Protein chains: 2
Amino acid sequence: MSLVKVGVIGIGNIGSSHVQMLNRGQIEGATLTAICSRNENRIEWVKNHTIGDIQVYKDEETFLNESEIDAILIATPHYSHPELAKKAFDKGMHVLIEKPAGVYTKNVLEMNEAAKSCGKVFGIMYNQRANPLYQKLRDLIQSGQLGDIKRTNLIITDSYRPQSYYDSSKWRATWKGEGGGVLLNQALHQLDILQWTTGYMPKRIRAVCSLGKYHNIEVEDDVTAYVEYENGATGVFITSTGEVPGTNRFEVVGDRGKVVVENEELIFYQLTQSEREFNTSFTGGFGKPEYRKINIPVKGENANHSSIIQNWIDAIIKGSPLLAPGEEGVKAVEITNAIYLSSWLNQPIELPIDVDFYYEKLQEKINHSTFEKQNVSNVTLDVTGTH
Amino acid sequence: MSLVKVGVIGIGNIGSSHVQMLNRGQIEGATLTAICSRNENRIEWVKNHTIGDIQVYKDEETFLNESEIDAILIATPHYSHPELAKKAFDKGMHVLIEKPAGVYTKNVLEMNEAAKSCGKVFGIMYNQRANPLYQKLRDLIQSGQLGDIKRTNLIITDSYRPQSYYDSSKWRATWKGEGGGVLLNQALHQLDILQWTTGYMPKRIRAVCSLGKYHNIEVEDDVTAYVEYENGATGVFITSTGEVPGTNRFEVVGDRGKVVVENEELIFYQLTQSEREFNTSFTGGFGKPEYRKINIPVKGENANHSSIIQNWIDAIIKGSPLLAPGEEGVKAVEITNAIYLSSWLNQPIELPIDVDFYYEKLQEKINHSTFEKQNVSNVTLDVTGTH
């Protein structure tokens, strides 16, 4: 295959951006062949903002059965990602899903099974994996230069959202429509970065989610989670959509130093010896291992969606390795599920979680919801500059 | 009074430093008149490292009854601070206690009652209050420039200690001898800064203390605490003596901006309008209030012990206001007690705490201790460069 025919389903904020990217030829080896949206206005928008002959569908089944696409980019609301992906795998399509992989771990795992059986190229839009800062951090950890990890601290509070963002769609920030708030939507990238750079999944999580703290929504917009790892390391993860200017800071402490990623800069404090060795051998009472403060040059531009789409197309055409395999999407989703459970039950949650139990609890949230969304504007927002 | 006759009791790491400071005339209006130590070696050290006629006592009662001092600086191990202070107040002395004010809230409150009845000048060695960075932070908050506080994040992991530190005295890092570890000793300054700069005491705390995680000790050397405030704000407090180079970073987020104190620098991100106002009035979906990044010049040198001693002497002679009134020492102690309780019971703890209950639980820790200290060197360490 030298030119992959791509279809986009879901022409909301982010889908619209992908449509333009593909249609403008910004992805080498890909062409925008078809789109699908239930919303007449969005179909009109596609007709007015694309060039060439784009097949247009209102119905998902017809789109999947009749369009001439090899590969599908799924940009619908969260809940539908696993079901749509499974249907696309059934049709033998390559699949790229927007994040999150899904809302609850149970059907994300089912999607992963379907992907495995199908054998097509399956990617997920974890575009922060294309961020050279996090790639370098991952290298430092995985190559052992940081030593055994002791502590992680990730503050991601710079995805501020005003009330009008939540009012822009009926499904947003509801248990039924989105299945969660800042965790599943804005902070999911960093939850993936947390597990991807360290290579560790938490083994236990204690968390507090504040629901509608800064906005008139029924889901969480402010979260603090405490995580514990198998090796004894601990960590804190903080996110909120109610702070300005917010913070985006990731600190990882190891036996051989510390890394801080903040303000688009990576600083590595490198010890000249293992702290654990120093601890037992030094006899002076007050003293610490020597260290160097190293600012590591990081090449390339910031992560963006086009890197992930291009990587997915390259994987289809050339067999290039995927930066963000779709199957790995479940990890951040499971972390969010554990955080929700811990907050709902007010107790520590062990991972892997009981996926059936989480599904039940989520259904309770949906079924017991009495929240009425007000002032819904049903507008599509320009995502330029967001993640 | 134009020259205050000061006595120092407890000639350990920090007491020795105070003795030299007073004896070298570094505190205006004060003279070192007497010292008291049970340890012959430390008495010898005083004789060899001071000039002039210093009264020397081995017995605490004799020291309090017979020495010709007006004011006492208490630098003994933690447990004894409240009892000694009460005895000194009984004798009509001015008192400056080393931190912590005590180990458990109950007898610290009793000490405060005694101080009130006595009416003498009562200070505590919270020398970080003399740090102009924290003074400026406090001004920004107390003057309302930061707006209502939303979140605090304080990481204080730069007081690294190797095993030989803990081996230097038998009482160190035991429930019986010290009553706690990094919280009561190294991180107490920052717990005070947390409450002093914000003006808020937590109303609820959830915490995990890891005991002997990085050292062969029976108390905690690694702590993560999640705090909630009356106004709905939340915060995280992290401390450890097992990390190098460690972090000393305090972030405070308010409705009108954010302050970060790190690397001896204060940066104020000042919004041009209230976030709460922007949230309801902005209609564009994606957008945030404008802000300015302001690096606030901070005058003066870093906090040190001499500032607090000088301030205490000035309060005695001239009636100057105390920067760190002794009565306020109870606040950080109560926060540590709540953190310990939460960790021991694995549940959230409300403040004010039940002081009798905490005392009981601490006695259990002491009575059930089976820890045997090994390799105790009984050396006095040079504290130059520590806090």
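Remarks
- Alpha-carbon centroid distance for the pair the range A:1-18 / the range A:34-86, whole angstrom: 8
- Packing-based exposure ordering (other Cβ within 10 Å, fewest first) of B:379, B:182: B:379, B:182
- Comment: the Cα-to-Cβ extended label point of residue A:25, at 7 Å, lies 8.6 nm from its counterparts in the other copies, nearest first.
- Candidates A:146, A:317, A:126 compared by Cα position along the dipole of chain A: farthest toward the positive end lies A:146, with charges placed on Cβ.
- Taking N as the residue count of the protein assembly as shown, its C-alpha radius of gyration divided by 2.2 N^0.38 Å amounts to 1.09.
- Cβ crowding within 10 Å, taken as a proxy for footprinting-reagent exposure, orders B:196, B:344 from fewest neighbours to most as B:344, B:196.
- Counting charges near residue A:217 (Lys, Arg +1; Asp, Glu -1) among other residues having Cβ under 10 Å from its Cβ returns a value of -1.
- Average other protein chain Cβ within 10 Å of Cβ, residues A:245-258: 4
- Relative contact order of chain B, defined on C-alpha pairs under 8 angstrom at six or more residues apart (%): 20
- In the range A:332-380, taking the dipole from charged Cβ atoms about the Cα centre, the farthest positive-side position among A:343, A:362, A:380 is held by A:380.
- Judged by the gyration tensor of its Cα atoms, with axes a ≥ b ≥ c, the range A:199-250 is oblate; a/c meets the 1.5 cut and b/c is at least as large as a/b.
- Distance from the C-alpha centroid of the range A:238-255 to that of the range B:303-343: 31 Å, rounded to the whole angstrom.
- For residue B:361, the distances from its label point to the matching points in the remaining copies are 2.4 nm, ordered from shortest, with each point set 7 Å beyond Cα toward Cβ.
- Between residue B:277 and residue B:40, the C-beta separation translates, for a Förster distance of 60 Å, into a calculated FRET efficiency of about 0.35.
- Pairs exceeding 23 Å between alpha-carbon atoms, taken from B:58/B:170; B:99/B:176; B:91/B:170; B:86/B:106; B:203/B:331: B:91/B:170.
- What you get for the range A:83-126, charging only the Cβ of Lys and Arg (+1) and of Asp and Glu (-1), is a dipole of about 60 debye around the Cα centre.
- Ratio Rg/Rh [Cα only; Rh per Kirkwood] for the range A:190-276: 1.03
- Sorted shortest first, the separations between the residue A:83 label point and its copies elsewhere in the assembly read 7.1 nm; each point sits 7 Å from Cα along the Cα-to-Cβ line.
- The charge dipole of the protein assembly as shown, taken about the Cα centre with unit charges on the Cβ atoms of Lys, Arg (+1) and Asp, Glu (-1), comes to about 720 debye, rounded to the nearest 20.
- Cα gyration tensor shape of the range A:81-235, rounded if a/c is under 1.5, else prolate or oblate by comparing a/b with b/c: oblate
- Helices in chain B, meaning DSSP H runs of at least 4 residues, each add -39500 (n - 2.57). Divided by all residues, the mean residue ellipticity at 222 nm is -10000 deg cm²/dmol.
- Taking 0.36 nm per residue of separation and subtracting the current Cα-Cα distance, fully stretching the chain between residue B:142 and residue B:344 would add 69.3 nm.
- Each residue in B:312, B:175, A:45 was given a count of other beta-carbon atoms within 10 angstrom of its own, and listing them fewest first yields A:45, B:175, B:312.
- Shape of the range B:216-347, Cα gyration tensor, a/c cut at 1.5: oblate
- Counting only DSSP beta bridges with both residues in chain A, the antiparallel share comes to about 60 percent.
- Computed from point charges on the beta carbon alone (+1 for Lys and Arg, -1 for Asp and Glu), the dipole magnitude for the range A:180-334 about its Cα centre is near 480 Debye.
- Projected label points at residue A:263 and residue B:216, each 7 Å from Cα along the beta carbon direction, are separated by 4.3 nanometres.
- Peptide B:277-284 has a mean of 5 when you count, residue by residue, the C-beta atoms of other protein chains within 10 Å of its C-beta.
- Peptide A:158-167 - average C-beta neighbours from other chains (10 Å radius): 5
- Residue and distance (whole Å) for the chain A Cβ nearest the axis that superposes A on B: A:236, 3
- Ordering B:175, A:252, A:215 by the projection of their Cα atoms onto the charge dipole of the protein assembly as shown, which places +1 on the Cβ of Lys and Arg and -1 on the Cβ of Asp and Glu, puts A:252 at the extreme positive end.
- All Cα-Cα distances of the range A:85-125, cut into 5 Å bins from zero to the largest, leave 6, 27, 35, 25, 6 percent in each bin in turn.
Readers should treat all values here as calculations from the given coordinates under stated rules, not as data from a laboratory. All figures in this text were calculated on a predicted structure; none of them were measured in a lab. Here Cβ is always computed from backbone atoms with ideal geometry, including for glycine, and neighbour counts include all displayed protein chains.
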